[in-house]
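Note sheet for the following structure.
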Amino acid sequence: MSANDTPRESTKGKLTGFKVLLIAVGAFGVILTANLTLAFSAIETFPGLETKNSYVASQEFDRNRAAQEALGWDVRATVRNDQLILTIRDRYGNAVRPDLKETTLGRATHVREDQTPDWRWEGGAFVAPVHLNPGNWNLRMVAHAADGTLFQQRIVIHVNG
């Protein structure tokens with residue numbers, strides 16, 4: 001070894017600029033992949049619009065809400081022994097049997113498990129057979145009162161596992 005030769009240090013195990021670049025590219029790659037996966041999943045599972053024309057819906061909202069509140073109905077839905085039970089009571093506690101126009105039972109996040117209950121009137125309540133996986137479910141109902149008042153409500157149902 002001559003005087004001009006200096007011993008070279010080994011780069012093995014040392015943090016070099018190239019290694020820092022690889023770490024940064026890898027970290028951003030993981031973040032970008034996770035974000036894209038979540039974004040595409042959200043788009044695929046979005047159930048769609050709640051209303052076709054939001055301006056018209058907003059104009060009618062207060063009027064419809066006031067009419068519904070004037071009915072004084074208390075609406076509840078529960079699941080017991082694979083039976084969905086929908087009870088509607090007036091302000092005096094009497095059972096109400098409106099004309100159910102439309103009911104959909106499903107998840108809030110997607111429409112894959114949506115189902116239309118097959119209702120029967122039994123003991124002052126609507127009852128339908130269902131088989132639900134654990135979690136939160138929504139029962140979206142549209143009904144007409146005896147006086148023709150439109151009644152729409154979304155009832156959240158929690159099913160334990």
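Data overview
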| item | result |
| --- | --- |
| Cβ-placed point charges (K, R +1; D, E -1), dipole of the chain about Cα centre in debye, nearest 20 | 480 |
| Using a Förster distance of 25 Å, the FRET efficiency for R112-A24 (Cβ separation, nearest 0.05) | 0.05 |
| Proximal lysines relative to K52, as straight alpha-carbon distance under 22 Å, when same-chain residues fewer than 8 apart are discounted | K101 |
| Alpha-carbon centroid distance for the pair the stretch 52-94 / the stretch 108-160, whole angstrom | 11 |
| Over the chain - Rg/Rh using Cα atoms and the Kirkwood inverse-distance radius | 1.41 |
| Cα pair count fraction exceeding 16 Å, expressed as % - the stretch 73-159 | 50 |
| Dipole axis of the chain (+1 Lys, Arg; -1 Asp, Glu on Cβ), positive-most option in L100, T16, N64 | T16 |
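Every number here is computed from the coordinates shown, using simple stated rules; none is lab data. These figures come from a predicted structure and were not determined experimentally. Every residue, glycine as well, gets a Cβ built from its backbone with ideal geometry; the counts of neighbours run over all protein chains shown.
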